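The values are calculated or read from the model by the stated rules, or taken from the named source; none is laboratory data. Since this is a predicted model, take the numbers as computed values, not measurements. Here the Cβ positions follow ideal geometry from the backbone for every residue, glycine too, while neighbour counts run over all protein chains shown.
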Amino acid sequence: MGHLIELNDTLKLKRGAGFPAELRVGGVYDFSIAGRRLYNLKPTRVFLVEEIDGRWNVVGHAMILRQTIDAVTDRTSGQFEVSQLYPPEYSQLVNRFDAPAGKGYSSDV
């Protein structure tokens, strides 16, 4: 029998499904995603990623303030604080070189 909880250092959310329409450093936001996931808690950062059409747009860092894993609904929910936002030029480089192969978002596509 394997583990049912996935360990993550990346909080990947879709706009309208947990990813805020407007981000700001210091902003606190709620999230809820499918699956059982365990994130590093504050003060350790996680990467903050907006999923756009299946691609990863790495936008900065977040601190997980709270998380709950619900075994009945198979969901992980919680709250995060934005600790850093990348400038667009840096985000493009991270998307190109550090996102999973073939998954990096480019606004040129």
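Just to be sure I understand, how many residues within the stretch 65-100 are hydroxyl-bearing (S, T, Y) and within 24 Å of D53 (Cα to Cα)? Steps first, please.
Step one: of the stretch 65-100, the residues hydroxyl-bearing (S, T, Y) are 68, 73, 76-77, 83, 86, 90-91.
The next check asks that each one be within 24 Å of D53 (Cα to Cα); those that pass are 76-77, 86, 90-91.
Result for the stretch 65-100: 5.
Residues in the stretch 31-53 that are surrounded by fewer than 12 Cβ atoms within 10 Å (Cβ to Cβ) and either in contact with a strand residue (DSSP E or B) (Cβ under 9 Å, 6 or more places away or on another chain) or part of a strand (DSSP E or B) (or both): how many? Please lay out each step first, then the result.
First, the residues of the stretch 31-53 that are surrounded by fewer than 12 Cβ atoms within 10 Å (Cβ to Cβ): 34, 43-44, 53.
Filter again for either in contact with a strand residue (DSSP E or B) (Cβ under 9 Å, 6 or more places away or on another chain) or part of a strand (DSSP E or B) (or both), leaving 34, 43-44.
Result for the stretch 31-53: 3.
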For the list (1) surrounded by fewer than 11 Cβ atoms within 10 Å (Cβ to Cβ); (2) free of Cβ contacts under 8 Å to residues at least 24 places away in the same chain; (3) of a type in the set (G, A, S), I need the number of the one condition that G18 fails.
(1)
Test R66 against the stated conditions and say whether it is of a type outside the set (S, T, Y) and in contact with a Gly (Cβ under 6 Å, 6 or more places away or on another chain).
yes
Residue by residue through the stretch 45-71, note down the ones that are among the aromatic types (F, W, Y) and either free of Cβ contacts under 8 Å to residues at least 12 places away in the same chain or out of contact with any Leu (no Cβ under 8 Å at 6 or more places or on another chain) (or both).
W56
Might you check whether a residue that is under 25 Å from L4 (Cα atoms), buried (at least 16 other Cβ atoms within 10 Å of the Cβ) and not hydroxyl-bearing (S, T, Y) occurs anywhere in the stretch 88-104?
yes
When only residues in the stretch 40-85 that are within 14 Å of the chain's Cα centre (by Cα) and of a type in the set (G, A, S) count, which is modelled with the lowest pLDDT?
G54
Kindly check whether there is at least one residue in the stretch 59-71 that is outside any strand (DSSP E or B) and either basic (K, R) or on the phi > 0 side of the Ramachandran plot (or both).
no
